[in-house]
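Colleague: Structure below; questions to follow.
The values are calculated or read from the model by the stated rules, or taken from the named source; none is laboratory data. Here the structure is a predicted model, which means the values were calculated and not measured. In this analysis, Cβ positions are derived from the backbone assuming ideal geometry, glycine residues included, and neighbour counts consider all displayed protein chains. These accessible areas exclude ligands, DNA and RNA; they are computed on the full protein's heavy atoms, side chains included. Shrake-Rupley method; radii C 1.70, N 1.55, O 1.52, S 1.80 Å.
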Amino acid sequence: MDLVVVSNRVARAKANEPMTGGLAAALLPVVEKSGAIWVGSSGRVRDNVSKDSFAKIESLGAGALALLDLPAAHYGGYYEGFANSALWPALHSRTDLISVSQDNYQCYREVNAFMARALMRFNKPSAAFWIQDYHFLTLGAEMRELGIRNPLGFFLHTPWPARRVIAGIPHHRDLVESMLAYDLIGFQTEDDCENFATYLRAELGLEVNGGSVSSRFGTSRIAVFPIGIDVDGFAAHAQRAASHPDVSRLRKSLHGERLAIGVDRVDYSKGLVNRISAFDRLFEIQPSLKRSVSLLQIATPSRGGIEAYSNLQDELSKQVTEVNGRHGEVDWTPIRYLNKGFSQTVLAGFYRAAQVGVVTPLHDGMNLVAKEYVAAQNPIDPGVLVLSKFAGAANELDTALLVNPHDIDGMARTIATALSMPSTERRMRWEAMMAKLRAGTIHNWFAGFIEALETAHLAVGPSLLPPVVRPLRVAGGSSSVSDRRMRDPAHFAPRPVAN
Ligand code: F6P
């Protein structure tokens, strides 16, 4: 099988450069080893795109990285518009933030159709395609329409919400019906998979039996594949990082003070405001902790062209200033707040220097920072993970200190508990988490999905049916995001992001 992996964002960085996102960073080590072709956005847009607008095809480990310039006229409506102002809030159950327009949906469909045409270049009898994430829900249907009968898999990195939440998107039926063109649809957790099955039954009137669902495309499988990390690789980064200048500077700056760490994209799903409030509360209820612990919060700017994100960025800056102003001293800053990204190696070193990892999203598909924090710890003296029960990672990392991120007092008390936890308990909890991480590495995830895709394809999958009738297309229109901003190269510059 010749594997073609497709995602919007790809990782080009190496361990010593700032990384580019949870999905991209996670896939890099496995795609490199697998010999797959990894197709994604080049980060640039063009006015006159043809299906051959591959900016670059470069080697990547045993395989290749194929970077595609996307159509300028549709990019803004696709990325900032439908993907990140309609789908992202819906998938994270933030119906209050859903902003949807027919134009943006049209742009989303156009970019999916464009990607399908571009992928024809890699179509051969032995090819299998594995599509990643919510940017490409309808790509499989477009590929089937072009006559591709090869195995098509899809994995959703975000949560899949309750059926009434996704139904808040006017195009929900069109989207989910298109998803059934995939032979295999993978989710992070049982809850996500069950929500999807419930949607299929209740909204589309389909039967789901033992993870199989039949539609006009044929039969698709739905299943759970919790994504993991390269545990040993990350632990090795953490050890090596001890001598990195950034890590040494951090350690030297502590003067015996203990450190809690948070690493996130600036995103409303990450619960950053609640986390800062919990530290504010911590210093109120336990003033003795002042000067003896601080939070290093790395908050990487993300999707700044979207109002909800720029508002959050402003809110956080104000909140951090207030908390530091209230509790800080001339020689002590309670919250060290950084708006930039760091390489995987440096992050691994930071994680190891921190006695507490705080990963408290309001809702998260998995959250790989939680797994990375655990893998980076010193086995003799591991730190404590404080983890939101609403992160997918909480299903596996159940010996972390689990918190409700809406309960500020509860989080403050749990952080205090983490800081005073005896080393025997820390080791016990950490070993249990490491056992889970080793049982579900990124390598197992990758191999498990590919094996399941082959099996699903051999069953009566969509690939074995005759070409389908073109799905209903929406009316034309241009993006609601201004063309000027869409063409600004700075707007598309690769940005270092966390999870
Ligand atoms: O699943 C969501 C996700 O793809 C993450 O894996 C990743 O960190 C994030 O979204 C990246 O978002 P963007 O590409 O918009 O920066």
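Colleague: What part of the accessible area of segment 231-439, given as a whole %, is carbon or sulfur when the probe is 1.4 angstrom?
Modeller: On the way: 4100 of 8090 Å².
Heavy-atom surface of segment 231-439 belonging to carbon and sulfur, 1.4 Å probe: 51 percent.
Colleague: Measure up Lys290/Lys371; Lys389/Lys436; Lys124/Lys371; Lys290/Lys318; Lys340/Lys371 against 26 Å on the Cα-Cα distance and list the ones that go over. Please list the in-between numbers first.
Modeller: Details: Lys290/Lys371 28 Å; Lys389/Lys436 17 Å; Lys124/Lys371 37 Å; Lys290/Lys318 21 Å; Lys340/Lys371 21 Å.
Over 26 Å apart, Cα to Cα: Lys290/Lys371; Lys124/Lys371.
Colleague: Obtain the nm distance between the two label points defined at Glu257 and Ser310 by a simple spin-label model: each point lies 7 Å from its Cα along the Cα-to-C-beta direction.
Modeller: For Glu257 paired with Ser310, the spin-label model returns 3.3 nm.
Colleague: A follow-up question, please. May I ask you to list the aspartates and glutamates whose Cα is less than 12 Å away from that of Lys270, ignoring any residue fewer than eight positions away on the same chain?
Modeller: Here the aspartates and glutamates satisfying the reach criterion relative to Lys270 are Asp364.
Colleague: Using only protein heavy atoms and a 1.4 Å probe, report how much of Arg121 is accessible, in Å² to the nearest 10.
Modeller: 120 Å²
Colleague: Please report Rg (one decimal) and Dmax (integer) in Å for the Cα set of the chain.
Modeller: Rg, Dmax (Cα atoms, Å): 22.5, 72.
Colleague: For Arg438 paired with Arg240, estimate the spin-label separation in nm (one decimal), with each label point 7 Å from Cα along the Cα-to-Cβ line.
Modeller: Label-label distance for Arg438 and Arg240, simple model: 2.2 nm.
Colleague: Relative contact order (percent) for segment 280-421, with alpha-carbon contacts under 8 angstrom and 6 or more residues of separation?
Modeller: The value is 22 percent.
Colleague: Turning to a different aspect of this structure: Tell me, what is the percent relative contact order of the chain, built from C-alpha pairs under 8 Å that lie six or more residues apart? Walk me through the intermediate numbers first.
Modeller: Values: 1044 pairs, mean separation 102.7, N = 499.
Worked out over the chain, it gives 21 percent.
Colleague: Ok, one more. Checking the cross-link filter: which aspartates and glutamates have an alpha carbon closer than 14 Å to that of Lys33, excluding same-chain neighbours under 8 positions apart?
Modeller: Asp2, Asp230
Colleague: Restricting to DSSP H runs of at least four residues, report the calculated mean residue ellipticity at 222 nm for the chain, -39500 (n - 2.57) per run over all residues, nearest 500 deg cm²/dmol.
Modeller: Values: 19 runs with 202 residues, N = 499.
The helix contribution divided over the chain gives -12000 deg cm²/dmol.
Colleague: Taking a 1.4 Å probe, which of Ile37, Ile442, Ile380 shows the most accessible area, and what order do the others take after it? It would help to have the intermediate numbers written out before the result.
Modeller: Values: Ile37 45, Ile442 0, Ile380 130 Å².
Order by accessible area, largest first: Ile380, Ile37, Ile442.
Colleague: Please work out how much accessible surface Asp398 shows to a 1.4 Å probe, ignoring ligands, DNA and RNA, in Å² rounded to 10.
Modeller: The accessible area of Asp398 comes to roughly 80 Å².
Colleague: Hey, another quick one. What percentages, rounded to whole numbers, describe P(r) for segment 367-442 computed over all alpha carbon pairs with 5 Å bin width beginning at zero?
Modeller: Histogramming segment 367-442 at 5 Å steps yields 3, 17, 28, 25, 18, 7, 2, 0 percent.
Colleague: Return the FRET efficiency for the residue pair Met428, Glu284: r is the Cβ-Cβ distance, R0 is 41 Å, and the value is rounded to the nearest 0.05. Numbers along the way, then the final one.
Modeller: Numbers: r = 31 Å, r/R0 = 0.75.
According to the calculation, E is roughly 0.85.
Colleague: Just the ratio, please: alpha-carbon radius of gyration of segment 231-439 over 2.2 N^0.38 Å, N its number of residues. Don't skip to the answer; put the middle values down first.
Modeller: Numbers: Rg = 15.9 Å, N = 209, 2.2 N^0.38 = 16.8 Å.
Normalised by 2.2 N^0.38 Å, the Cα Rg of segment 231-439 equals 0.95.
Colleague: Hey, another quick one. On a 1.4 Å probe surface of the protein chains, which of Lys56, Lys33, Lys290 comes out largest in accessible area, and what is the full order?
Modeller: Numbers: Lys56 100, Lys33 150, Lys290 60 Å².
Result, largest first: Lys33, Lys56, Lys290.
Colleague: Given points 7 Å out from each Cα along the Cα-Cβ axis, report the Arg117 to Ala202 separation in nanometres with one decimal.
Modeller: It works out to 3.9 nm between the two label points.
Colleague: Moving to a separate point now. How far is helix 423-439 tilted, in degrees, relative to the longest principal axis of the Cα atoms in the chain, given as a value from 0 to 90 rounded to the nearest 10?
Modeller: Around 10 degrees separate the two axes.
Colleague: Whole-Hz Karplus ³J(HN,Hα) for segment 115-129, in order, using 6.51 cos²θ - 1.76 cosθ + 1.60 and θ = phi - 60°, x for Gly and Pro?
Modeller: Along segment 115-129, the couplings run 4, 4, 5, 5, 5, 4, 4, 9, 7, 8, x, 8, 7, 10, 10 Hz.
Colleague: While we're looking at this one, here's another question. With every protein chain kept in the model, how would you rank Asp264, Asp331, Asp409 by accessible area, 1.4 Å probe, largest at the top?
Modeller: Correct descending sequence by accessible area is Asp331, Asp409, Asp264.
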